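Taking it in order: structure first as structure tokens, then the write-up.
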Amino acid sequence: MLLLNKLKTLNSSPKYQRLLDRIEQYALLIRLDRPIGIYLLLWPTLWALWIAAEGMPDILILCVFMAGVFLMRSAGCAINDFADRDIDPFVERTKDRPLAAGRVTAKETLIVFAVLSITAFALVLLMNSLTIYMSFVGIILAASYPFAKRFHYMPQVHLGAAFGWAAPMAFTAQANEITPVTWLIFMATVLWATAYDTMYAMADRDDDLKIGVKSTAILFGEADKLIVGLLQALLIFDLILIGSSSNLGLYYYLGLSAATGLAVYQQYLIKDRDKQKCIKAFVNNNWFGFCVFMGLFVDYWV
């Protein structure tokens, strides 16, 4: 975003300024100013790649999936704003998003989603057949997630499946097979995403109740903190099973211990259901994913 501001000062012609304005609005549409979603999708993908390769994965596969994470998270933001175009203007946190504020049209938003999704699929075509077939499930999950909050109280689980599907795709791209560990990584991502997105939903609960959309934060009610804690405990147990099944050693469990400490810290942050602290707990999950990955990385490296 800083680069765009600098570019605006280089040329004052109206046409040039309009072009940069459109680019800026599209960047805001796909949340380039808030990359936390990219990180949360990236870490399980890297977990899967490193475990499938038992160390450093194939460079082409690594580059394809890193680019795919960026493209699909960006596409997800676009289709999410399209789905919520009649809701976001009435929510304090989202009312200034480009589509909600009228700076981008619904048609433009769909075009951005289509271009990003098609580009991601073109990259998948460089992978093996099993990964290509699995990508169709991924696009269905990504496109349907934003509409889930209208139909059931567990859109956070839907998000977990959408985010989590990148992990078995990455595993099969590297290993060209599906194993029990593949599904353990997928389940870990579902549990993790359900926990951290419930923290996020706790900050939005009042607005969601007013406008009539559903979430696990509403479903869990007064038991929200307890259930998030149980999800985190199941996640840690799942990651222990992954370590045991993959014959991982000391460094992995040191990374997992650090991640467990962060999960406890997140429980502390959400204890009073303060909106800002719930968001802080959500963002802190980036470091949880990082700790698990660094444990994997160092364990295989050593």
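Remarks
- Options 300, 251: the member that is part of a helix (DSSP H, G or I), surrounded by fewer than 21 Cβ atoms within 10 Å (Cβ to Cβ), of a type in the set (Ser, Thr, Tyr) and in contact (Cβ under 8 Å) with a residue 60 or more places away in the chain: 300
- Candidates 201, 170: the one that is more than 30 Å from residue 131 (Cα to Cα) and touching a residue at least 12 places away in the same chain (Cβ under 8 Å) is 201.
- Criterion violated by residue 271 - all others in (1) touching a residue at least 40 places away in the same chain (Cβ under 8 Å); (2) surrounded by 15 or more Cβ atoms within 10 Å (Cβ to Cβ); (3) of a type in the set (D, E, K, R) satisfied: (2)
- The one condition from (1) loosely packed, with under 13 Cβ neighbours inside 10 Å; (2) within 30 Å of residue 227 (Cβ to Cβ) that residue 76 does not meet is (1).
- Members of segment 142-151 found to be surrounded by fewer than 18 Cβ atoms within 10 Å (Cβ to Cβ), hydrophobic (A, V, I, L, M, F, W, C) and over 16 Å from residue 109 (Cβ atoms), listed by number: 151
- Within segment 101-137, being in contact with a helix residue (DSSP H, G or I) (Cβ under 6 Å, 6 or more places away or on another chain), small (Gly, Ala, Ser) and closer than 16 Å to residue 174 by Cβ holds for one residue alone: 135.
- If the condition is being among the small types (Gly, Ala, Ser) and at pLDDT 85 or above, then segment 143-170 contributes 144, 160, 161, 162, 164, 166, 167, 170.
- Residues being buried (at least 20 other Cβ atoms within 10 Å of the Cβ) and over 18 Å from residue 45 (Cα atoms) - total across segment 274-297: 3
- Boolean, residue 228 is in contact (Cβ under 8 Å) with a residue 24 or more places away in the chain, part of a helix (DSSP H, G or I) and either over 21 Å from the mean Cα position of the chain (by Cα) or farther than 20 Å from residue 274 by Cα (or both): no
The values are calculated or read from the model by the stated rules, or taken from the named source; none is laboratory data. The structure displayed is predicted, hence computed values, not measured ones. As a convention, Cβ positions derive from the backbone with ideal geometry for all residues, glycine included, and neighbour counts pool all protein chains shown.
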